[in-house]
Amino acid sequence: MRLPVDYPSDMAKLSGALSAVTGAESAVAFSYSCFFPADASSGQARTQLLGALLVPFAVIATSMIVWGASSNFYRVLSQADATLGLNTQLWVMHVIAVFILYPGWAQAALSVFACYKIDDGKTGLYAQNQKAAWRHGYWVRDMAQECYTGVHLRLYVPIGIASVIVLCFGPPLASFLLLWKHRAELGSKWVRQRYSFLYARYKPRFFWWESVLMLEELALVAVEVFGRGLKSVAHQILVLLAAFTFISAINMACSPSKLMVITKLEFMSMTVLSLTVSLSLFFVVDDGLSAADEVGGWTAW
C-alpha cells in the first residue's frame, strides 16, 4: 500500500528500477502517459491502463526471443539444451515470467474499479456548492471521470472484468490445474524438470500451495488498490494489518513448506511488516485527548 511514509530515497530508486525492468507500472521510474504529454486526463488514463496491462506481455515476448536466440546461436545453456528442447525451455520461462509479473498485472486490472469519493453534497459548511459529489466517486486514474458511468462504464469496466478473470484468477487456476493434472507424476524426471519450481518446496499434500500464495498476493494487491479509496490513512493501515494477520494465520496453520525454517522466516517477515505498518500509526493518527484530559473527564463524571 502506498502509505504516506517518508521512505529512504534509495528504496524509492530501487523500487523504480525493478518496476522498469519487469514492466510493472511505476510512477517513480516512469509513467506511460509521459509518451503522450498533450493528451487530456482521459487519454492519459487510457495510456496508463493499457500500458500497465500490455507491457508485461511485451516483456515476456522479449525475454522469450532473447532466450531463444541465446539457446540457438550461443548455446549458453548447453546442459539444459541437452535435456530440454527449446520449446519446453520457452514454456517454462513463460510460466516463471507470469509468476513474476502477476502482482503488477493484478494491480492494473483491479485499478479499473478503484474509485475515490471527494464530496457527498450533504455535509460541510457549503454543501450546496460541492460539485464533485458523484455517489460512486471518481476513478483514481482520472479524477475527472465519474465511476460506473459514461466511458468508464462502457469501455473500462468490461476491460476490467476481462482482465480480472484472465490476469487475476487465470494464473492461480492454471497453476493448480497444471499440477493437478500431473499429481501422480510429480516425482518423475519429466515433471520435475519442467514444474518443480512450483511444488518442490512444499509437502506432498500441499503441492498446489503456489496457487494459494498467488491468491494471497492478490489479496494484498486488492488492499493496496482499494485502500486508496479510504480517506483515512489510519483505516488503510488497519485494513493492511488485517490482511497481514489473516495471511500469517493461514500460513502458520497449514505450514505447507517442507522446511520449518522457511515457515518461521515467512512468519517473521510478516511480523516485521506488521510492526512497521503498526508503528507508522504514530505519525498519522491524531493526538486526541491527553492523559490529563481523560483523567479530568472521568473525575468530572
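Name the single residue that is surrounded by the most Cβ atoms within 10 Å (Cβ to Cβ) among those in the stretch 225-251 being aliphatic (A, V, I, L, M) and more than 27 Å from T263 (Cα to Cα).
The qualifying residue surrounded by the most Cβ atoms within 10 Å (Cβ to Cβ) is V225.
Take A234 and decide whether it is in a helix (DSSP H, G or I), small (G, A, S), under 19 Å from the mean Cα position of the chain (by Cα) and under 30 Å from G160 (Cα atoms).
No, not satisfied.
Would the stretch 154-176 turn up any residue that is among the aliphatic types (A, V, I, L, M), in contact (Cβ under 8 Å) with a residue 12 or more places away in the chain, surrounded by 13 or more Cβ atoms within 10 Å (Cβ to Cβ) and not in a helix (DSSP H, G or I)?
no
Which count do you get for residues in the stretch 177-199 that are surrounded by 14 or more Cβ atoms within 10 Å (Cβ to Cβ), over 21 Å from the mean Cα position of the chain (by Cα) and hydrophobic (A, V, I, L, M, F, W, C)?
Total meeting the criteria: 4.
Among S211, S175, S196, S248, which is the only one that is of a type in the set (S, T, N, Q) and not assigned by TED's automatic domain parsing to the domain that holds D142?
S248 is the lone residue from the list that is of a type in the set (S, T, N, Q) and not assigned by TED's automatic domain parsing to the domain that holds D142.
With the condition kept exactly as written, say whether any residue in the stretch 113-123 is at pLDDT 85 or above and acidic (D, E).
Within the stretch 113-123, none of the residues are at pLDDT 85 or above and acidic (D, E).
So in the stretch 124-157, with the set limited to residues that are in the same structural domain as V225 (by TED's automatic domain parsing) and of a type in the set (S, T, Y), which one is farthest from the chain's Cα centre (by Cα)?
T149
In the set A144, A132, which member is among the hydrophobic types (A, V, I, L, M, F, W, C), loosely packed, with under 13 Cβ neighbours inside 10 Å and modelled with pLDDT under 90?
A144
The values are calculated or read from the model by the stated rules, or taken from the named source; none is laboratory data. As the structure is a prediction and not an experimental result, all values here were calculated from the model. FYI the Cβ positions are ideal-geometry reconstructions off the backbone, even for glycines, and counts take in every protein chain you see.
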